[in-house]
Amino acid sequence: MSGTSAALNPPADAEAPVRHPDAPAPGELLGAHYEQCFGCGGDQTHGLHLAARAGDGVTVTAEFTVREAHQGAPGLAHGGVLASALDETLGSLNWLLRTIAVTGRLETEFVRPVPVGTLLYLEAEVTAVARRKIYSTATGRIGGPDGPVAVRADALFIEVKVDHFIDNGRPEEIQAAMSDPDQVRRARAFEVNP
């Protein structure tokens, strides 16, 4: 993305990202990390229901369809919804690093309007890692991987411990997630940027 702020430029000692050996296989659907997540959760009536798939290297692709509840101007997606879709897609990259991380900074460029009913196809990749900082970039295209670019984003994610969520989340939701009898769902609730 042109015009990215200096905070999103990796330092000289940053390293190339390395896909974790236990990361989901290329092509694997990542699924929701938490059913109440606005970005990927199935229990959010007006959520994005974004579906992300692991790609090669440290990349993901994702899709969501802009619905009426996602409007800003009549018939067009709200910019905040598009930024949320980019953030969710970029956050999904952390599954491939097997790192718990949160968004530290997100810079979005809106290239063209996205009409209601549009499928937005997103591609994201980690570009560098420097200690606890994870640098990444994403592009959203209208209709599919060859469609016109509608949005772009660069992001900085910060690795955190699970205590970040436990100490800062609303106690009722934290307790409900921690009490889930499904061990996999319980662990996933705290693994990706919620």
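The values are calculated or read from the model by the stated rules, or taken from the named source; none is laboratory data. Quick caveat: nothing in here was measured; it's all calculated off a predicted structure. With ideal geometry, Cβ positions are generated from the backbone for all residues, glycine too; neighbour counts draw on all protein chains shown. Heavy atoms of the whole protein, side chains included, go into the accessibility calculation; ligands, DNA and RNA do not. Shrake-Rupley method; radii C 1.70, N 1.55, O 1.52, S 1.80 Å.
Can you pull out the trypsin sites (Lys or Arg not before Pro) in the stretch 1-76 whose DSSP state is coil and whose Cβ has at most 16 other Cβ atoms within 10 Å?
Numbers: sites: R19, R53, R67; in loops: R19, R67.
Here the sparse-neighbourhood loop sites are R67.
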Handout entry: Förster-model FRET efficiency, 35 Å R0, D13 and F110, C-beta, rounded to 0.05
Key = 0.60
Completion exercise
Amide H proximity to A51 below 5 Å, modelled H, separation 5+ or other chain, gives E63
Exercise for the section: Could you check how much of the accessible area of the stretch 1-145 is carbon and sulfur, as a whole percent, using a 1.4 Å probe? Expected result: 50 percent
Completion exercise
Mean projected area (nm²) from the convex hull of Cα positions in the stretch 119-160 is 3.1 nm²
Practice task
Give a residue-ordered list of calculated ³J(HN,Hα) values for the stretch 130-143 (Karplus: 6.51 cos²θ - 1.76 cosθ + 1.60, θ = phi - 60°; whole Hz; x for Gly, Pro).
Solution key: 9, 6, 8, 9, 10, 9, 8, 9, 8, 9, x, 10, 7, x
Handout entry: Modelled FRET efficiency - R0 22 Å, D146 with E28, Cβ distances, 0.05 increments
Key = 0.45
Handout entry: Extension gain from T4 to H78, taking 0.36 nm per residue of separation minus the Cα-Cα distance
Key = 24.4 nm
